[in-house]
1. Could you calculate the contour length gain from Leu161 to Ala232, that is, 0.36 nm times the residue separation minus the distance between their Cα atoms, to one decimal place in nm?
2. Among 284-290, 360-366, what's the highest-first ranking by average C-beta atoms within 10 angstrom per residue?
3. Taking the solvent-accessible surface of protein heavy atoms with a 1.4 Å probe, what is the per residue accessible area of the chain in Å²?
4. Please tell me the relative contact order of the chain in percent, rounded to the nearest whole number, where contacts are Cα pairs under 8 Å and at least six residues apart.
5. Given the Cα-Cα distance of Phe335 and Glu361 and 0.36 nm per residue of separation, how much length would full extension add, in nm?
6. To check my understanding: the extent here is largest minus smallest coordinate of the Cα atoms along each principal axis. What are those three numbers for segment 300-376, in Å, largest first?
7. Using a 1.4 Å probe on the protein heavy atoms, what percent of the accessible area of the chain belongs to carbon and sulfur?
8. Over segment 216-368, how many pairs of lysines fall under 20 Å by alpha carbon, counting only those 8 or more apart in sequence or from different chains?
Amino acid sequence: MGTSGGRLILFRSAEADDAGLIAELGRAGKVARMQSPGLVLVEEEVVGAGLPVLAWQGLPGAEFVSAPSINAWARLLLERLGPVAGGPWRLHVLPHYGVRATERMGARAWHTARHQERSRTEAEVTAGAGEHRCRLIENALRELLKQQGRQLLKGWGQSELPFLPEESLVQLWLCSPEQGWLSVAPAPLPSSWKLSPFVGGEIPVAVDKNAPSRAFAKLVEALKRLGRQPAAGESCVDLGASPGGWTYVALQHGARVTAVDRSPLREDLMRNPQLTFVKGDAFSYHPVATVDWLVCDVIAAPQRSAALLLDWLSRGDTRHFVVTLKLRGEEDPDFLNDLRQKLTALEVDWNMTHLNANKGEVCVYGSAKIPVEGPR
Ligand SMILES: C[S@@+](CC[C@H](N)C(=O)[O-])C[C@H]1O[C@@H](n2cnc3c(N)ncnc32)[C@H](O)[C@@H]1O
């Protein structure tokens, strides 16, 4: 068993876009380098600024560790669990053998699958070398804790909800059967770190052959990351809604949806009594009263979508939001940093990430910190 380390943070790059992540960190004044494909290392604590957009997860205080067997991994974890003892904690163990853990489905493949009426379960699209070893390590740790760490076992929880202030996070990313990166982050996890409650920050892309468009998966994923869904009867405005994937998701949750687009939605959605369709320009639409949800997937310059979101939030027009920014690679390099600062100044809980279901896009989602009072 061996270790080496220091003040390191390791990021798991979204879509294995290491160059993009290194460039993003560089714009924030951080020197980063690829540790191995899909993993980017920075030699100082930078999570205080939140996860970069192009990182799915971070390992604060990452330490390179090795163990020759499953049982040795369990013993090593037990040795390192001291800082999380006495409170609830979660463990994320994942393989990162330089292989993508999630098989992606391109638009064409999705349509083919849909037309052939082949549906694929989330389990089927989740694969990955070493998964089995990770589960064995977790099982071996559980057995060890039964003998030597009852209190720790009691605190070990599993959830994909956002972290509570009292929860700690322990992460082990195996690079090979005998080597990996370990991070022990005791509670309270600073909210500014924005660590993902999903293992490796990854969520399998949802599949639903009845959805009117593949875009529905973006909203499904954003809601999972947000840890909140529209409740029955809540109001939702969907800007740039056609053909209706996001509206379809909101309606399934029982929300009342106002869909704004220049084109109508799929016919069955247009007949839904919970839907009001407004034919027109998304940027000129203003709600008459505060709504529960603003969701916006409009095709527009990202600066326009960002400005729209900031306007809605500064007027108190929505409680929760999910907005796509269609990046074109031509934006001012400081565009996303400016948006971060403006959202922080507005005192909203915000997240900005490249979703598993995104292609060349960024999703901004979150909630107003102080619930907006009823209709104005
Ligand atoms: C990516 S699609 C939205 C897909 C939708 N979220 C779904 O799940 O089916 C973008 C939509 O934005 C609409 N759009 C673009 N500019 C718009 C504008 N200024 N006002 C209203 N709709 C607009 C387009 O007509 C298109 O239907």
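The values are calculated or read from the model by the stated rules, or taken from the named source; none is laboratory data. Worth saying up front: this structure is predicted, and the values here are computed from it rather than measured. Positions of Cβ are generated from backbone atoms using ideal geometry, with glycine treated the same way; all protein chains shown enter the neighbour counts. Ligands, DNA and RNA are excluded from the accessible area calculation, which covers all protein heavy atoms including side chains. Shrake-Rupley method; radii C 1.70, N 1.55, O 1.52, S 1.80 Å.
1. Taking 0.36 nm per residue and subtracting the Cα distance, the gain is 23.6 nm.
2. 360-366, 284-290
3. Accessible surface, normalised per residue, equals 44 Å².
4. Contact order relative to length: 14 percent.
5. Difference between extended and current length: 8.0 nm.
6. 38, 24, 19
7. The value for the chain is 52 percent carbon and sulfur by accessible area.
8. Going through segment 216-368 pair by pair, I get 5.
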